[in-house]
1. Return the only residue of Thr24, Thr102, Thr56 being within 15 Å of ligand 2 (Cβ to nearest atom), surrounded by fewer than 20 Cβ atoms within 10 Å (Cβ to Cβ), among the hydroxyl-bearing types (Ser, Thr, Tyr) and closer than 24 Å to Tyr197 by Cβ.
2. Between a residue in the range 37-49 that is among the aromatic types (Phe, Trp, Tyr) and any residue that is within 12 Å of ligand 2 (Cβ to nearest atom), which pairs come within a Cβ distance under 8 Å, given they are 6 or more apart or on different chains?
3. Would it be correct to say that Ala86 is in contact with a Phe, Trp or Tyr (Cβ under 8 Å, 6 or more places away or on another chain) and crowded, with 16+ Cβ neighbours inside 10 Å?
4. For the range 105-157, which residues satisfy the criterion of being within 17 Å of Val20 (Cα to Cα), in a loop (DSSP other than H, G, I, E, B) and at pLDDT 95 or above?
5. Would you be able to say whether some residue in the range 71-83 is in contact (Cβ under 8 Å) with a residue 24 or more places away in the chain, charged (D, E, K, R) and surrounded by fewer than 24 Cβ atoms within 10 Å (Cβ to Cβ)?
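The values are calculated or read from the model by the stated rules, or taken from the named source; none is laboratory data. Predicted model only: the values in this text are computed from it and were never measured. Backbone-built Cβ (ideal geometry, glycine too); neighbour counts: all protein chains shown.
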Amino acid sequence: MNTQLNEPIKILITNQKGGVGKSTIAANLAAYFALQENIGVSLIDFDKQGSSSRWTKKAPDIGVRVHCAEINYENSGIALLSARAAVRKYSLGAQISISDLTWHPTLSDDFMLDFDIVLVPSSGSKFEMASTEIFILEYAQRRMARLAVNKQFILVVPSRVESNYALHGAFTNLDFLMNCHITPPIHRAADLDSYVYEDFLCVGANQALAENFCNFGKFLTKKVEERMIIRKSLSLTGTSLNREIVKKVSVLDDYRERAKELGMYGGYAAKPSLERRQPSSFDADPAAPRERRFIPAFLRRLK
Ligand SMILES: Nc1ncnc2c1ncn2[C@@H]1O[C@H](COP(=O)(O)OP(=O)(O)OP(=O)(O)O)[C@@H](O)[C@H]1O
Ligand SMILES: [Mg+2]
């Protein structure tokens with residue numbers, strides 16, 4: 001990857017529909033970034049079954065940090081707070097975090113807005129496509145203004161697609177939405193169970209499947225790079241906004257000083273904390289454990 005990351009790029013893999021391939025994509029995309037792009041990845045598994053976390057934990061260690069997180073669905077406010085806290089905590093220290101989550105209606109879609117890229121997997125079947133489109137349209141409709149400001153990428157991932165199946169026409173209904181794209185398809189692996197807990201698609205023995213998944217991974221890497229450029233421009237806008245805020249604050253400070261001199265000011269200014277922040281375990285250099293890692297021969301890089 002060309003550009004350096006200051007803050008992790010956050011990717012959410014979600015759909016309200018079950019069994020669409022979220023966990024398979026989450027585990028294998030994490031492996032692709034770690035193995036083929038040498039990126040420090042954190043995988044956050046929100047699903048109770050723990051499919052993607054178990055896959056990544058049981059397979060040979062490739063340096064992906066795996067976390068299981070739970071959302072408290074007691075009410076919408078608590079759900080949002082607990083989900084946000086988990087993403088913030090488990091993304092620290094990584095370059096990219098990947099969250100695997102079956103969407104739940106209790107969760108406010110403010111949560112979806114926290115991510116740089118939202119991947120919505122779906123097979124090409126008409127039922128699944130229709131429900132995926134409705135899911136994205138409802139979200140886009142509710143959050144149109146914020147989406148326009150955030151410029152978040154929403155990517156539909158055709159998953160479990162037969163390798164000889166022509167996709168044209170099946171995934172075009174959302175083209176009118178800004179920043180909504182379709183990724184290269186992920187083919188159906190007849191022998192997927194031989195990979196689960198053992199190996200990853202991007203480096204496995206089946207060359208055609210490996211190439212197919214790497215194609216998807218390369219597309220995502222480009223989107224991550226595009227997103228970093230967009231984020232820089234967004235933070236520039238943020239900076240000018242911050243400058244305005246700083247100006248206003250300093251006007252207020254002048255006012256307070258002046259008021260104090262005149263004996264009219266009853267407020268107090270909080271003293272800046274002199275305590276130094278203790279480094280947390282998440283501050284560790286993401287590259288550090290990499291050298292100590294055992295990478296078996298079959299997890300070779302694909303040329
Ligand atoms: N590319 C693929 N090729 C073949 N089978 C696949 C592929 N992707 C997913 N599957 C199979 O489809 C089923 C659902 O996949 P997965 O568990 O990844 O979906 P999910 O959306 O995470 O499901 P859930 O909603 O239960 O969490 C699994 O049995 C998985 O093995
Ligand atoms: Mg799953």
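1. Thr102
2. Close Cβ pairs (under 8 Å, with a partner that is within 12 Å of ligand 2 (Cβ to nearest atom)) amount to Phe46/Ser99; Phe46/Asp100; Phe46/Leu101; Phe46/Thr102.
3. So Ala86 fits the description; yes.
4. none
5. Looking for residues that are in contact (Cβ under 8 Å) with a residue 24 or more places away in the chain, charged (D, E, K, R) and surrounded by fewer than 24 Cβ atoms within 10 Å (Cβ to Cβ), one finds none in the range 71-83, hence no.
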